[in-house]
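Trainee: Right, I'll just put the structure down here and ask away after.
The values are calculated or read from the model by the stated rules, or taken from the named source; none is laboratory data. In this text, all values refer to a predicted model and were calculated from it rather than measured experimentally. FYI the Cβ positions are ideal-geometry reconstructions off the backbone, even for glycines, and counts take in every protein chain you see. Each accessible area value is taken on the protein alone, full model and side chains, heavy atoms only, with ligands, DNA and RNA left out. Shrake-Rupley method; radii C 1.70, N 1.55, O 1.52, S 1.80 Å.
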Amino acid sequence: MVARMFNPISYILRSNSPRGIKVIALSLLVVLVSAAPIMFYIVLGPEDGNPIGLGLLFAFGALVGHVGFVAGMLLLIWDNLLNKKNKR
């Protein structure tokens, strides 16, 4: 039987993954959510439109997503180094 996923955020947070992977997954979700409006505007909007606000939203979301990615990578490195020290 396949488990149903109703809320992707709670699915990520309740998984058994390390906390760095969770931060990376959530930051990827932030980038996708911030990119969705400008993608829909490009596909469905007028050809001569100039969505400055949507571009700024995507730029801010991409910045937050990249900071989250770096933080997640640092958490993964930190956890792996601590686990190696504790096993010795």
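Trainee: If I take every Cα pair under 8 Å that is 6 or more residues apart in the chain, average their sequence separation and divide by the length, what percent do I get for the relative contact order?
Mentor: 41 percent.
Trainee: Please find, in a Gaussian network model of the chain (springs between Cα atoms separated by less than 10 Å), the residue of Gly20, Gly45, Gly68 whose mean-square fluctuation is greatest.
Mentor: Comparing Gly20, Gly45, Gly68 in a Gaussian network model of the chain, the most mobile one is Gly45.
Trainee: Now a separate question. Carbon and sulfur together cover what percent of the accessible area of the chain at a 1.4 Å probe radius?
Mentor: 70 percent
Trainee: Consider the candidate values (1) 6.5; (2) 8.3; (3) 7.8; state which one is mean projected area of the Cα convex hull in nm² computed from the structure displayed.
Mentor: Recomputing mean projected area of the Cα convex hull in nm² here gives the entry labelled (2).
Trainee: Dipole magnitude of the chain about its Cα centre, charges +1 at Lys/Arg Cβ and -1 at Asp/Glu Cβ only, in debye to the nearest 20?
Mentor: Rounded to the nearest 20 debye, it is 940 debye.
Trainee: Using a 7 Å offset from the Cα along the Cα-to-Cβ direction at both Asn7 and Leu82, what is the distance between the two label points in nm, to one decimal?
Mentor: 2.6 nm
Trainee: Excluding ligands, DNA and RNA, what is the solvent-accessible area per residue of the chain at a probe of 1.4 Å, expressed in Å²? Let's see the in-between values first.
Mentor: Working: 7230 Å² over 88 residues.
Value returned for the chain: 82 Å² of accessible area per residue.
Trainee: Against the longest alpha carbon principal axis of the chain, how many degrees, from 0 to 90 and to the nearest 10, is the axis of helix 52-87 turned?
Mentor: Between the helix axis and the principal axis of the chain, the angle is about 10 degrees.
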